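Enquirer: Please see the structure below; I have some questions.
The values are calculated or read from the model by the stated rules, or taken from the named source; none is laboratory data. Worth saying up front: this structure is predicted, and the values here are computed from it rather than measured. Note that each Cβ is placed from the backbone with ideal geometry, even for glycine, and that neighbours are counted across all protein chains shown. These accessible areas exclude ligands, DNA and RNA; they are computed on the full protein's heavy atoms, side chains included. Shrake-Rupley method; radii C 1.70, N 1.55, O 1.52, S 1.80 Å.
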Amino acid sequence: MPEKNLSARQRASTHIQAALDTGVRGELREALRKAAALAAGERVTDVSDLEYRQLAIGGKLVDKDRPGLLMRHGKRTGKVWIYRFEHPETKKQIELQFGRYPTTGTADAREIWRDLRSQRLEGEVPMVDNSNSPSTLTMGDLIKRYIAEYARVTKAASSSKEDERLLGKFIVPYYEDLPATEFDHEAAKAVLSNIVNSGALREAEKVRSVLSTLFNVASGRTRKISTLDGTWLPPDHPNPVSAVTLPKRNPSQHTPRTQELRNYVRGLDQLKQHGEILRVQLETFARIGEVTSMAWEEIDLDAGTWTLPARRSKNGKAHVVMLARQTVDRLRARQLAATSDLVFPSVQDANRPTDKHLVIRTLARKREAIGVSADFTSHATRRAALTWVAENGGGRDIRDRLSNHTPPSDGADHIYVSAEHNEAARRFTQAWVDHLIALEAENVTPIKEARV
């Protein structure tokens with residue numbers, strides 16, 4: 001029929017369809033579709049973008065004009081687009097997440113819904129087409145790759161296991177199927193806010209740190225692994241936690257005094273193998289994770305040394321620990337009954353070290369029983385030991401040597417001076433352990449100012 005014989009509504013409909021046929025997408029296509037429906041005399045009751053934007057946490061918004069299209073606003077996941085459909089074979093209800101708002105806007109979500117709906121009407125199981133996406137990695141895929149190719153390769157076993165625990169607890173259950181490129185600032189903020197609000201600020205700091213490392217590694221912002229084969233995410237992908245700040249935490253600075261330290265030394269036998277680990281930590285100025293992962297190949301009992309490899313030390317530098325006579329005797333006795341390459345293997349698996357967090361929790365449960373305060377931690381014993389060294393004439397260089405701290409990078413000393421202070425370290429270590437033995441002995445009061 002000639003256009004001049006068409007009604008104004010019919011002519012408008014023809015022109016709108018011609019505009020749609022150009023392939024235009026996004027918000028303009030959505031507006032044209034709405035106009036086409038109006039021109040055809042259909043009633044349009046679209047859910048507005050404002051309604052999606054104002055959807056409260058815990059809420060759900062269903063688009064009645066688009067079967068199966070809905071949005072959920074999860075406390076941890078944020079606003080997620082979902083296509084709900086019946087599986088053509090199992091007849092079970094399936095909810096397919098295909099994006100997060102506002103990264104995937106309302107118009108784009110409706111376009112994706114049409115593709116998914118078309119697949120379902122043709123008898124297929126709907127799938128999201130990610131062929132044009134810069135990365136098809138989901139957060140679950142990204143985390144698995146990070147653990148396998150980075151954490152387990154470049155980090156100490158205990159540190160790698162901790163990364164796996166944090167990501168498995170706070171990220172995987174809520175974001176496993178989310179495209180990694182859509183895990184944005186808002187998602188990171190939602191995760192961290194929930195942890196902070198639960199009162200676990202230290203846990204939030206650890207999660208923020210591992211997420212930051214995860215995305216830096218994925219985008220090639222590290223030298224620890226090669227990116228010659230390409231990065232996991234686009235090199236310019238923003239780190240979602242870079243602009244997320246946490247409340248300031250005032251870490252405990254508890255330093256055990258003489259009586260509390262005496263109670264601790266006397267109470268270690270109550271903790272059984274965990275007590276042995278804590279005693280070696282106490283006698284070596286070490287960190288708990290360094291002791292739990294100690295291997296026999298690192299120890300030379302004849303020389304009285306324990307060489308902590310660079311891969312397991314906090315500052316990335318190998319560290320030779322001088323062992324006191326009592327520590328050597330204790331380790332020698334333990335070696336006679338050893339059935340593992342590890343000094344303190346896990347009870348469940350002799351090829352894995354004892355979990356440092358299990359040791360920490362055991363100490364926390366037994367604080368009252370052994371007579372130490374609620375603020376007492378295994379790390380506080382390092383502070384007590386280094387305080388004792390300072391009180392007995394050990395200068396900053398000796399304390400840095402004992403604790404494997406990197407000295408300040410000011411002046412020329414940190415560049416030109418390479419003195420290891422091994423003999424001084426041995427003398428102070430032996431004196432410190434002698435002090436502990438005296439503390440443990442009944443009716444003995446150690447001399448506080450015993451110069452070494």
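Enquirer: Looking at region 333-345 only, could you name the residues that are over 24 Å from Asn404 (Cα atoms) and either in a helix (DSSP H, G or I) or in contact with a Leu (Cβ under 9 Å, 6 or more places away or on another chain) (or both)?
Expert: Ala333, Arg334, Gln335, Leu336
Enquirer: Can you tell me which residue in region 141-155 is farthest from Gly316 (Cα to Cα), limited to those that are surrounded by fewer than 19 Cβ atoms within 10 Å (Cβ to Cβ) and not charged (D, E, K, R)? Give the derivation first.
Expert: Narrowing region 141-155 to residues surrounded by fewer than 19 Cβ atoms within 10 Å (Cβ to Cβ): 141, 144-145, 148-149, 152-155.
Adding the requirement that they be not charged (D, E, K, R) leaves 148, 153-154.
Numbers: Ala148: 20, Val153: 14, Thr154: 10 Å.
By that ranking, first place goes to Ala148.
Enquirer: When you scan region 353-385, how many residues do you find that are closer than 18 Å to Arg262 by Cβ and in contact (Cβ under 8 Å) with a residue 12 or more places away in the chain?
Expert: Final tally of qualifying residues: 17.
Enquirer: Another one. Scan the helices (runs of 4 or more DSSP H) fully inside region 123-192 and keep the ones with 1 or more residues being over 30 Å from Thr90 (Cβ atoms).
Expert: 139-146, 157-170
Enquirer: Give me a count of the residues in region 193-228 that are open to solvent by less than 70 Å² (accessible area, probe 1.4 Å), not basic (Lys, Arg) and not in a loop (DSSP other than H, G, I, E, B).
Expert: Looking only at that region, the number is 19.
Enquirer: A further question follows. Just to check your reading of the model, which residue among Asp269, Asp184, Asp177 is open to solvent by 10 Å² or more (accessible area, probe 1.4 Å), free of Cβ contacts under 8 Å to residues at least 60 places away in the same chain and of a type in the set (D, E, K, R)?
Expert: Within the list Asp269, Asp184, Asp177, the selection yields Asp269.
Enquirer: Of the residues Arg262, Arg332, Arg249, which single one is open to solvent by 30 Å² or more (accessible area, probe 1.4 Å), of a type in the set (Lys, Arg), over 25 Å from the mean Cα position of the chain (by Cα) and at negative phi?
Expert: The conditions single out Arg332.
Enquirer: Say we look at region 346-375 and pick out the residues that are closer than 13 Å to Leu278 by Cα and part of a loop (DSSP other than H, G, I, E, B); which of these is least open to solvent (accessible area, probe 1.4 Å)?
Expert: Checked region 346-375; the qualifying residue least open to solvent (accessible area, probe 1.4 Å) is Thr354.
Enquirer: What number of residues in region 57-87 are open to solvent by 30 Å² or more (accessible area, probe 1.4 Å) and either of a type in the set (Phe, Trp, Tyr) or within 13 Å of Arg117 (Cα to Cα) (or both)?
Expert: 5
Enquirer: Among the candidates Gln97, Gln119, which residue alone is open to solvent by 10 Å² or more (accessible area, probe 1.4 Å) and under 18 Å from Ala180 (Cβ atoms)?
Expert: That would be Gln97, the only listed residue that is open to solvent by 10 Å² or more (accessible area, probe 1.4 Å) and under 18 Å from Ala180 (Cβ atoms).
Enquirer: Working only within region 292-320, note down all residues that are free of Cβ contacts under 8 Å to residues at least 40 places away in the same chain and either in a strand (DSSP E or B) or of a type in the set (D, E, K, R) (or both). Spell out how you get there, then give the answer.
Expert: So in region 292-320, the residues free of Cβ contacts under 8 Å to residues at least 40 places away in the same chain come out as 298, 300-303, 305-307, 309-310, 316, 318.
Residues satisfying the conditions are Glu298, Asp300, Asp302, Thr305, Trp306, Thr307.
Enquirer: Further question on the same structure: Output the number of the condition that Ser135 fails; it satisfies all remaining conditions of (1) at pLDDT 90 or above; (2) touching a Leu at 6+ places or on another chain (Cβ under 6 Å); (3) polar (S, T, N, Q).
Expert: (1)
Enquirer: Suppose we keep only residues that are open to solvent by less than 10 Å² (accessible area, probe 1.4 Å) and part of a loop (DSSP other than H, G, I, E, B) within region 376-407. Which one would you say is nearest to Ala364 (Cα to Cα)?
Expert: Phe376
Enquirer: Among all residue pairs at least 6 apart or on different chains, which show Cβ distances below 8 Å where the first residue, located in region 234-249, is within 24 Å of Gly199 (Cβ to Cβ) and at pLDDT 90 or above and the second is assigned to a loop (DSSP other than H, G, I, E, B) and not basic (Lys, Arg)?
Expert: Note: pairs meeting the criteria are Pro240/Phe183; Pro240/Asp184.
Quick grid of which residues meet (1) touching a Phe, Trp or Tyr at 6+ places or on another chain (Cβ under 7 Å); (2) in contact (Cβ under 8 Å) with a residue 12 or more places away in the chain; (3) farther than 26 Å from Leu214 by Cα:
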{"position": "Gly99", "(1), (2), (3)": "yes, yes, no"}
{"position": "Thr103", "(1), (2), (3)": "no, yes, no"}
{"position": "Pro126", "(1), (2), (3)": "yes, yes, yes"}
{"position": "Arg145", "(1), (2), (3)": "yes, yes, no"}
